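The structure appears below as C-alpha coordinates.
The values are calculated or read from the model by the stated rules, or taken from the named source; none is laboratory data. Everything numeric here is computed off the predicted structure, so don't read it as measured data. Note that we place each Cβ from the backbone using ideal geometry, even for glycine, and neighbour counts take in every protein chain shown. What goes into the accessible areas is simple: the full protein's heavy atoms, side chains included, and nothing from ligands, DNA or RNA. Shrake-Rupley method; radii C 1.70, N 1.55, O 1.52, S 1.80 Å.
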Amino acid sequence: MIYYAFLTAAVTMFSFQFLFNGIFEKEYGNGIRAMFVFSAGSSLVGFLGLLIINGFRFEYTHFSMLMAFLAALDSIGYTYFSLKSLGRINLSLYSMFAMLGGMILPAVTGIIFYDEPLTVGKGICYVLILLALLLSVKKDKKTSGYIYYMGVFMLNGLSGVLSTIFQNAPYEKTSEAGYSMLIALIALVICLVFLPFVKGDGKKLTKKAILSMGGYGVLCRGGNYLLLIALAHLPASAQYPFVTGGVMIISTIICCFTANKPSKREILGVGISFAALLILMFV
(Lines give C-alpha, C1' and ligand atoms only; values in the text may rest on other atoms or scores of the structure.)
Protein backbone atom coordinates (compact mmCIF):
# COMPACT_ATOMS: atom_id res chain seq x y z
CA MET A 1 0.00 0.00 0.00
CA ILE A 2 2.95 2.34 0.43
CA TYR A 3 3.20 2.72 -3.34
CA TYR A 4 -0.40 3.85 -3.49
CA ALA A 5 0.65 6.47 -0.93
CA PHE A 6 3.34 7.60 -3.39
CA LEU A 7 0.69 7.76 -6.11
CA THR A 8 -1.59 9.81 -3.86
CA ALA A 9 1.22 12.30 -3.23
CA ALA A 10 1.91 12.51 -6.97
CA VAL A 11 -1.79 12.97 -7.71
CA THR A 12 -1.91 15.88 -5.25
CA MET A 13 1.02 17.52 -7.03
CA PHE A 14 -0.55 17.06 -10.46
CA SER A 15 -3.85 18.49 -9.23
CA PHE A 16 -2.16 21.79 -8.39
CA GLN A 17 0.22 21.98 -11.37
CA PHE A 18 -2.60 22.74 -13.83
CA LEU A 19 -3.18 26.01 -11.98
CA PHE A 20 0.38 27.13 -12.67
CA ASN A 21 -0.02 26.45 -16.41
CA GLY A 22 -3.04 28.73 -16.46
CA ILE A 23 -1.36 31.50 -14.47
CA PHE A 24 1.67 31.56 -16.76
CA GLU A 25 -0.47 31.58 -19.92
CA LYS A 26 -2.38 34.62 -18.68
CA GLU A 27 0.76 36.46 -17.60
CA TYR A 28 3.14 35.70 -20.47
CA GLY A 29 1.15 34.23 -23.37
CA ASN A 30 1.19 30.93 -25.20
CA GLY A 31 3.57 31.33 -28.15
CA ILE A 32 6.79 29.50 -29.00
CA ARG A 33 8.91 31.78 -26.80
CA ALA A 34 6.50 31.30 -23.89
CA MET A 35 6.90 27.53 -24.32
CA PHE A 36 10.70 27.72 -24.13
CA VAL A 37 10.71 30.19 -21.22
CA PHE A 38 8.22 28.16 -19.18
CA SER A 39 9.97 24.86 -19.91
CA ALA A 40 13.40 26.34 -19.09
CA GLY A 41 12.28 27.88 -15.81
CA SER A 42 10.32 24.87 -14.60
CA SER A 43 13.08 22.45 -15.68
CA LEU A 44 15.74 24.44 -13.82
CA VAL A 45 13.74 24.40 -10.59
CA GLY A 46 12.87 20.74 -11.07
CA PHE A 47 16.50 19.81 -11.72
CA LEU A 48 17.73 21.59 -8.59
CA GLY A 49 15.05 19.93 -6.47
CA LEU A 50 15.88 16.47 -7.81
CA LEU A 51 19.60 17.12 -7.35
CA ILE A 52 18.95 17.68 -3.65
CA ILE A 53 16.75 14.57 -3.44
CA ASN A 54 19.51 12.50 -5.09
CA GLY A 55 22.13 13.70 -2.62
CA PHE A 56 23.88 15.93 -5.21
CA ARG A 57 24.79 12.76 -7.12
CA PHE A 58 24.67 12.80 -10.92
CA GLU A 59 23.98 9.51 -12.75
CA TYR A 60 24.33 8.49 -16.38
CA THR A 61 23.83 5.52 -18.67
CA HIS A 62 23.41 5.54 -22.46
CA PHE A 63 19.91 4.08 -22.26
CA SER A 64 18.79 6.53 -19.58
CA MET A 65 20.14 9.43 -21.65
CA LEU A 66 18.23 8.27 -24.73
CA MET A 67 14.96 7.86 -22.83
CA ALA A 68 15.49 11.16 -21.01
CA PHE A 69 16.02 12.96 -24.33
CA LEU A 70 12.73 11.58 -25.67
CA ALA A 71 10.95 12.45 -22.41
CA ALA A 72 12.39 15.99 -22.48
CA LEU A 73 11.11 16.54 -26.04
CA ASP A 74 7.73 15.21 -24.93
CA SER A 75 7.72 17.56 -21.93
CA ILE A 76 8.52 20.63 -24.04
CA GLY A 77 5.89 19.71 -26.62
CA TYR A 78 3.32 19.09 -23.89
CA THR A 79 4.04 22.54 -22.46
CA TYR A 80 3.43 24.16 -25.85
CA PHE A 81 0.14 22.35 -26.49
CA SER A 82 -0.97 23.02 -22.90
CA LEU A 83 -0.42 26.76 -23.16
CA LYS A 84 -2.15 26.88 -26.54
CA SER A 85 -5.09 24.84 -25.27
CA LEU A 86 -5.54 26.97 -22.16
CA GLY A 87 -5.82 30.01 -24.42
CA ARG A 88 -8.82 28.40 -26.14
CA ILE A 89 -10.73 26.17 -23.74
CA ASN A 90 -11.56 26.12 -20.05
CA LEU A 91 -9.49 24.25 -17.49
CA SER A 92 -12.11 21.52 -17.21
CA LEU A 93 -11.91 20.55 -20.89
CA TYR A 94 -8.13 20.82 -20.87
CA SER A 95 -7.92 18.54 -17.86
CA MET A 96 -10.18 15.99 -19.54
CA PHE A 97 -7.94 15.72 -22.60
CA ALA A 98 -4.81 15.52 -20.44
CA MET A 99 -6.22 12.94 -18.03
CA LEU A 100 -7.73 10.72 -20.73
CA GLY A 101 -4.40 10.57 -22.56
CA GLY A 102 -2.57 9.97 -19.31
CA MET A 103 -4.86 7.06 -18.48
CA ILE A 104 -5.47 5.32 -21.80
CA LEU A 105 -2.08 5.24 -23.55
CA PRO A 106 0.09 3.92 -20.66
CA ALA A 107 -2.59 1.41 -19.61
CA VAL A 108 -2.90 0.05 -23.16
CA THR A 109 0.90 -0.11 -23.43
CA GLY A 110 1.13 -2.17 -20.23
CA ILE A 111 -1.58 -4.59 -21.33
CA ILE A 112 -0.41 -5.09 -24.94
CA PHE A 113 3.38 -5.02 -24.60
CA TYR A 114 4.08 -6.07 -21.02
CA ASP A 115 1.45 -8.78 -20.52
CA GLU A 116 -0.34 -6.94 -17.73
CA PRO A 117 -3.71 -8.64 -17.18
CA LEU A 118 -6.92 -6.85 -18.07
CA THR A 119 -8.91 -7.80 -14.99
CA VAL A 120 -12.59 -7.23 -14.36
CA GLY A 121 -11.67 -4.59 -11.77
CA LYS A 122 -9.54 -2.67 -14.25
CA GLY A 123 -12.20 -2.84 -16.94
CA ILE A 124 -14.90 -1.49 -14.62
CA CYS A 125 -12.49 1.21 -13.40
CA TYR A 126 -11.74 2.40 -16.96
CA VAL A 127 -15.43 2.65 -17.84
CA LEU A 128 -16.30 4.49 -14.61
CA ILE A 129 -13.47 7.01 -14.94
CA LEU A 130 -14.42 7.71 -18.55
CA LEU A 131 -18.00 8.29 -17.40
CA ALA A 132 -16.80 10.54 -14.57
CA LEU A 133 -14.71 12.63 -16.96
CA LEU A 134 -17.62 13.09 -19.35
CA LEU A 135 -19.89 14.10 -16.47
CA SER A 136 -17.44 16.55 -14.96
CA VAL A 137 -16.35 18.40 -18.09
CA LYS A 138 -17.87 21.82 -18.71
CA LYS A 139 -19.06 22.63 -22.21
CA ASP A 140 -17.10 25.30 -24.05
CA LYS A 141 -18.38 27.41 -26.91
CA LYS A 142 -14.93 27.60 -28.49
CA THR A 143 -14.34 24.81 -30.99
CA SER A 144 -11.13 25.83 -32.77
CA GLY A 145 -7.73 24.36 -32.05
CA TYR A 146 -8.49 20.65 -31.89
CA ILE A 147 -4.90 19.92 -32.88
CA TYR A 148 -3.78 21.44 -29.58
CA TYR A 149 -6.24 19.38 -27.55
CA MET A 150 -5.12 16.19 -29.27
CA GLY A 151 -1.52 17.22 -28.66
CA VAL A 152 -2.28 17.43 -24.94
CA PHE A 153 -3.96 14.02 -25.08
CA MET A 154 -1.13 12.31 -26.97
CA LEU A 155 1.86 13.89 -25.24
CA ASN A 156 0.57 13.49 -21.69
CA GLY A 157 -0.12 9.86 -22.52
CA LEU A 158 3.29 9.46 -24.15
CA SER A 159 4.94 10.65 -20.95
CA GLY A 160 3.46 7.65 -19.14
CA VAL A 161 4.39 5.33 -21.99
CA LEU A 162 8.04 6.43 -21.86
CA SER A 163 8.11 5.95 -18.08
CA THR A 164 6.68 2.46 -18.51
CA ILE A 165 9.30 1.58 -21.13
CA PHE A 166 12.09 2.93 -18.92
CA GLN A 167 11.08 0.92 -15.87
CA ASN A 168 10.55 -2.33 -17.79
CA ALA A 169 13.64 -2.19 -20.03
CA PRO A 170 16.40 -4.74 -19.27
CA TYR A 171 19.21 -2.27 -20.00
CA GLU A 172 21.53 -0.62 -17.49
CA LYS A 173 19.84 2.50 -16.19
CA THR A 174 19.99 5.15 -13.51
CA SER A 175 17.82 5.45 -10.43
CA GLU A 176 14.42 7.13 -10.70
CA ALA A 177 15.83 10.38 -9.35
CA GLY A 178 18.81 10.22 -11.72
CA TYR A 179 16.53 9.66 -14.70
CA SER A 180 14.23 12.50 -13.69
CA MET A 181 17.27 14.77 -13.32
CA LEU A 182 18.42 13.91 -16.83
CA ILE A 183 15.00 14.79 -18.26
CA ALA A 184 14.98 18.18 -16.52
CA LEU A 185 18.58 18.93 -17.52
CA ILE A 186 18.09 18.01 -21.18
CA ALA A 187 14.87 20.04 -21.39
CA LEU A 188 16.69 23.02 -19.86
CA VAL A 189 19.59 22.76 -22.32
CA ILE A 190 17.27 22.44 -25.34
CA CYS A 191 15.31 25.52 -24.28
CA LEU A 192 18.42 27.62 -23.61
CA VAL A 193 19.83 26.70 -27.04
CA PHE A 194 16.70 27.80 -28.92
CA LEU A 195 15.59 30.76 -26.78
CA PRO A 196 18.00 33.33 -28.33
CA PHE A 197 16.57 32.61 -31.80
CA VAL A 198 12.89 32.90 -30.86
CA LYS A 199 11.21 36.30 -30.79
CA GLY A 200 8.48 37.07 -28.28
CA ASP A 201 5.57 39.47 -28.32
CA GLY A 202 7.21 42.01 -26.04
CA LYS A 203 5.76 40.73 -22.79
CA LYS A 204 7.97 40.79 -19.72
CA LEU A 205 8.16 38.12 -17.06
CA THR A 206 6.09 39.12 -14.05
CA LYS A 207 6.53 37.86 -10.51
CA LYS A 208 3.44 35.68 -10.98
CA ALA A 209 4.88 34.15 -14.14
CA ILE A 210 8.20 33.40 -12.45
CA LEU A 211 6.52 31.87 -9.41
CA SER A 212 4.27 29.78 -11.65
CA MET A 213 7.33 28.33 -13.41
CA GLY A 214 8.91 27.45 -10.07
CA GLY A 215 5.71 25.95 -8.68
CA TYR A 216 5.12 23.89 -11.81
CA GLY A 217 8.74 22.69 -11.85
CA VAL A 218 8.55 21.40 -8.28
CA LEU A 219 5.16 19.74 -8.69
CA CYS A 220 5.68 18.28 -12.17
CA ARG A 221 9.17 16.86 -11.66
CA GLY A 222 8.43 15.74 -8.11
CA GLY A 223 5.17 14.08 -9.12
CA ASN A 224 6.72 12.23 -12.04
CA TYR A 225 9.59 11.09 -9.81
CA LEU A 226 7.10 9.51 -7.40
CA LEU A 227 5.27 7.89 -10.33
CA LEU A 228 8.51 6.27 -11.47
CA ILE A 229 9.10 4.80 -8.01
CA ALA A 230 5.57 3.40 -7.89
CA LEU A 231 5.82 2.12 -11.45
CA ALA A 232 8.63 -0.22 -10.42
CA HIS A 233 6.11 -2.03 -8.20
CA LEU A 234 2.66 -1.38 -9.71
CA PRO A 235 1.47 -2.20 -13.25
CA ALA A 236 0.94 0.77 -15.59
CA SER A 237 -2.58 -0.47 -16.34
CA ALA A 238 -3.45 0.10 -12.67
CA GLN A 239 -1.27 3.11 -11.85
CA TYR A 240 -2.39 5.58 -14.50
CA PRO A 241 -6.16 5.11 -14.05
CA PHE A 242 -5.52 5.70 -10.34
CA VAL A 243 -3.75 8.96 -11.20
CA THR A 244 -6.57 10.10 -13.50
CA GLY A 245 -9.32 9.41 -10.97
CA GLY A 246 -7.26 10.85 -8.13
CA VAL A 247 -6.58 14.11 -9.95
CA MET A 248 -10.30 14.50 -10.59
CA ILE A 249 -11.12 14.01 -6.91
CA ILE A 250 -8.47 16.37 -5.51
CA SER A 251 -9.04 19.04 -8.17
CA THR A 252 -12.72 19.13 -7.26
CA ILE A 253 -11.89 19.38 -3.56
CA ILE A 254 -9.61 22.32 -4.36
CA CYS A 255 -12.46 24.01 -6.24
CA CYS A 256 -14.61 23.82 -3.10
CA PHE A 257 -12.32 26.41 -1.51
CA THR A 258 -12.35 28.79 -4.49
CA ALA A 259 -14.95 31.02 -6.12
CA ASN A 260 -15.41 28.37 -8.82
CA LYS A 261 -17.48 25.90 -6.79
CA PRO A 262 -17.97 22.41 -8.26
CA SER A 263 -21.32 21.66 -9.89
CA LYS A 264 -23.57 18.74 -8.98
CA ARG A 265 -22.34 16.92 -12.11
CA GLU A 266 -18.72 17.39 -11.02
CA ILE A 267 -19.48 16.12 -7.51
CA LEU A 268 -21.22 13.10 -9.04
CA GLY A 269 -18.16 12.55 -11.24
CA VAL A 270 -15.91 12.61 -8.18
CA GLY A 271 -18.12 10.04 -6.45
CA ILE A 272 -17.87 7.76 -9.48
CA SER A 273 -14.07 8.28 -9.62
CA PHE A 274 -13.74 7.35 -5.96
CA ALA A 275 -15.75 4.18 -6.53
CA ALA A 276 -13.56 3.38 -9.54
CA LEU A 277 -10.37 3.69 -7.46
CA LEU A 278 -11.75 1.40 -4.76
CA ILE A 279 -12.64 -1.20 -7.42
CA LEU A 280 -9.18 -0.86 -8.98
CA MET A 281 -7.41 -1.40 -5.65
CA PHE A 282 -9.54 -4.16 -4.16
CA VAL A 283 -11.31 -6.08 -6.98
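Based on Cα contacts under 8 Å between residues 6+ apart, region 109-262 shows a relative contact order of 46 percent.
The chain: longest stretch without exposed chymotrypsin sites (Phe, Trp or Tyr not before Pro) (DSSP loop, at most 14 other Cβ within 10 Å), sites themselves excluded? For chymotrypsin sites (Phe, Trp or Tyr not before Pro) (loop position, at most 14 other Cβ atoms within 10 Å), the longest site-free span of the chain is 172-256.
Each label was represented as a point 7 Å from its Cα along the Cα-to-Cβ direction; for E172 and I254 these points are 4.1 nm apart. Its relative contact order, with pairs defined as Cα atoms under 8 Å and 6+ residues apart, puts the chain at 41 percent.
Using the Cα gyration tensor of the chain, with a ≥ b ≥ c the square roots of its eigenvalues, what is the shape: rounded (a/c below 1.5), prolate (a/b larger than b/c) or oblate (neither)? Since a/c reaches 1.5 but b/c is at least a/b, the shape of the chain is classed as oblate.
Extending 7 Å from Cα along the Cβ direction at F282 and again at A5 yields two label points whose distance is 1.9 nm.
Treating r as the C-beta distance of I210 and F58 and R0 as 25 Å, the FRET efficiency rounds to 0.45. Excluding same-chain neighbours fewer than eight residues apart, the aspartates and glutamates reachable from K26 by a Cα-Cα span under 15 Å are D201. The residues of region 105-242 present an accessible area of 50 Å² per residue when probed at 1.4 Å with all protein chains retained. For region 191-277, rounded, prolate or oblate, judged on the Cα gyration tensor with a ≥ b ≥ c (square roots of eigenvalues), a/c < 1.5 rounded, else prolate if a/b > b/c? Taking the square roots of the gyration eigenvalues as a ≥ b ≥ c, region 191-277 is oblate. Per-residue surface analysis assigns L195 an accessible area of about 30 Å², computed on protein heavy atoms at 1.4 Å probe radius. Charge dipole of region 145-224 (Cα centre as origin; +1 on each Lys and Arg Cβ, -1 on each Asp and Glu Cβ, all else neutral): 460 debye, rounded to the nearest 20. Helical content of the chain, expressed as a calculated mean residue ellipticity at 222 nm, amounts to -27000 deg cm²/dmol (DSSP H runs of 4 or more residues, -39,500 (n - 2.57) each, divided by residue number, nearest 500). Among R265, R33, R221, the residue with the largest mean-square fluctuation in a Gaussian network model of the chain, with springs joining Cα atoms closer than 10 Å, is R265. What shape does region 132-283 take by its C-alpha gyration tensor, where a ≥ b ≥ c are the square roots of the eigenvalues and a/c under 1.5 counts as rounded, a/b above b/c as prolate, and the rest as oblate? It comes out oblate by the Cα gyration axes.
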